[in-house]
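J.: After the structure tokens below, expect a handful of questions from me.
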Amino acid sequence: QALLRAVPSLTPRAPRPGTEGPAVIEVRSLEKVFEIGSLPARLLGRVPHRVQAVDTVNFTLSRGRTLGIVGESGSGKSTVARCVLRLEDPTAGEILIDGQDIARLHGPRALAPARRRVQMVFQDPNRSLNPRLRIADSMIEGPLNLGESRASALERAGELIEVVGLPRASLRRFPHQFSGGQRQRIAIARALMMDPEVIVADEAVSALDVSVQAQVLELLAELQAKRDLAILFITHDLRVAAQICDDVMVMRRGSVVEYGPAAEVLAHPGDDYTRALLAAAP
Ligand code: ADP
Ligand code: MG
């Protein structure tokens, strides 16, 4: 029955009043401009090509909540995520994680605490799991770097692999021995090893079949409730977002065109673009 609830349909996630904890991430006036153009071209005085990938984006993500970022390909969703993880330098704006502005921090050492708190699950499992490593070694990599003992990390890996619904024996295997859905479960378990406050899922279910998608969404929703996680859920599919997200932010060409409770955005899209996204969804 749990599965059925998550099967894609027109029904958005029911509003969950009172689930909102303290803000974990606050993004204020975030901007990212990519300057494309070779150095010689610039020296010759040619104006480099500018792409405003993200323009004045504001949002708040709280514990126990899921915020969806939705928009068609190229709308700036991944760039927002990469800025939040500080895989990109924001051009302007603030990224407050537990109140500290990480937009102005530079270098792995300064960013390490924020990077532990915010863990990413990618669309491509090969970006979350090294295909050449056994699952155990992928999962304990981060904790060992933080100084945890091998024995303790392995023990937790065994517990977490079961939490995501796979047997402990999976730890001895390699990524290619699992299906796409199982690999995403393992990627989620790997993220949980770092005991994060936030999980950023960038198109994490987009490559999966609809029924497998539903199972992974169900797992995320369950983990979120049990662990009081905040989830930033990125997808091009407004309907997938509606199933799991409490709030939805719709992006178009780098700007936010709509932001509100998922049920409201779906029932009364205030923007033509959002209506078009809804109409385009299968
Ligand atoms: P989405 O995730 O919504 O598909 P992206 O954030 O990946 O969108 O991209 C937003 C825009 O920024 C696109 O126009 C894309 O081409 C551009 N862009 C993204 N990354 C880079 C980069 N590293 N260099 C130049 N342009 C980029
Ligand atoms: Mg993207």
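The values are calculated or read from the model by the stated rules, or taken from the named source; none is laboratory data. It should be emphasised that the depicted structure is a prediction, and the values quoted were computed from it without experimental measurement. As a convention, Cβ positions derive from the backbone with ideal geometry for all residues, glycine included, and neighbour counts pool all protein chains shown.
J.: Which numbered condition in (1) over 12 Å from GLN119 (Cβ atoms); (2) more than 16 Å from ligand 1 (Cβ to nearest atom); (3) buried (at least 21 other Cβ atoms within 10 Å of the Cβ) is the only one that ASP209 fails?
T.: Only one criterion in (1) over 12 Å from GLN119 (Cβ atoms); (2) more than 16 Å from ligand 1 (Cβ to nearest atom); (3) buried (at least 21 other Cβ atoms within 10 Å of the Cβ) is unmet by ASP209, namely (3).
J.: Okay, moving on. Would you check which residues across the range 218-244 are within 16 Å of ligand 1 (Cβ to nearest atom) and under 13 Å from the mean Cα position of the chain (by Cα) and list them?
T.: LEU232, PHE233, ILE234, THR235, HIS236, ALA241
J.: Then there is this: Of (1) at positive phi; (2) within 16 Å of the chain's Cα centre (by Cα); (3) more than 16 Å from ligand 2 (Cβ to nearest atom), GLY76 satisfies all except one. Which?
T.: The failed condition is (3).
J.: Those residues that are surrounded by 19 or more Cβ atoms within 10 Å (Cβ to Cβ) and either among the charged types (D, E, K, R) or within 16 Å of ligand 2 (Cβ to nearest atom) (or both), I need them from the range 56-66; list them, please.
T.: VAL57, ARG65
J.: Here's something else I'd like to know. If I filter the range 138-152 for residues that are hydrophobic (A, V, I, L, M, F, W, C), under 30 Å from SER75 (Cβ atoms) and either more than 16 Å from ligand 2 (Cβ to nearest atom) or modelled with pLDDT of 95 or more (or both), do I get at least one hit?
T.: For the range 138-152, residues hydrophobic (A, V, I, L, M, F, W, C), under 30 Å from SER75 (Cβ atoms) and either more than 16 Å from ligand 2 (Cβ to nearest atom) or modelled with pLDDT of 95 or more (or both): absent.
J.: Report yes if ALA114 is within 16 Å of ligand 2 (Cβ to nearest atom) and in contact (Cβ under 8 Å) with a residue 12 or more places away in the chain, otherwise no.
T.: Against the criterion (within 16 Å of ligand 2 (Cβ to nearest atom) and in contact (Cβ under 8 Å) with a residue 12 or more places away in the chain), ALA114 does not qualify.
J.: Related question: Return the residues of the range 201-235 that are within 16 Å of ligand 2 (Cβ to nearest atom) and farther than 12 Å from GLN123 by Cα; say none if nothing qualifies.
T.: Result: LEU232, single match.
J.: Right, next: Within the range 184-200, can one find any residue that is buried (at least 20 other Cβ atoms within 10 Å of the Cβ), in contact (Cβ under 8 Å) with a residue 12 or more places away in the chain and within 16 Å of ligand 1 (Cβ to nearest atom)?
T.: Yes, the conditions are met somewhere in the range 184-200.
J.: Are any residues in the range 117-151 in a helix (DSSP H, G or I) and hydroxyl-bearing (Ser, Thr, Tyr), and if so, which ones?
T.: Of everything in the range 117-151, those that are in a helix (DSSP H, G or I) and hydroxyl-bearing (Ser, Thr, Tyr) turn out to be SER128, SER138.
Residue by residue, here is whether (1) more than 16 Å from ligand 2 (Cβ to nearest atom); (2) over 19 Å from the mean Cα position of the chain (by Cα) holds:
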| residue | (1), (2) |
| --- | --- |
| GLY45 | yes, yes |
| GLY71 | no, no |
| VAL84 | no, no |
| ILE102 | yes, no |
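J.: For GLN243, are the conditions met, namely being surrounded by fewer than 21 Cβ atoms within 10 Å (Cβ to Cβ) and away from ligand 2 (no atom under 16 Å from the Cβ)?
T.: Judged against the criteria, GLN243 is not a match.
J.: Going by the structure shown, is ILE161 at pLDDT 95 or above, β-branched (Val, Ile, Thr) and farther than 30 Å from VAL80 by Cβ?
T.: yes
J.: What number of residues in the range 86-100 are over 17 Å from VAL200 (Cβ atoms) and either within 16 Å of ligand 2 (Cβ to nearest atom) or polar (S, T, N, Q) (or both)?
T.: Of the residues in that region, 2 qualify.
J.: Right, something else. Scanning the range 62-116 for residues that are part of a strand (DSSP E or B) and in contact with a helix residue (DSSP H, G or I) (Cβ under 7 Å, 6 or more places away or on another chain), which turns out farthest from GLU31 (Cα to Cα)?
T.: Once the filter is applied, the top-ranked residue is THR66.
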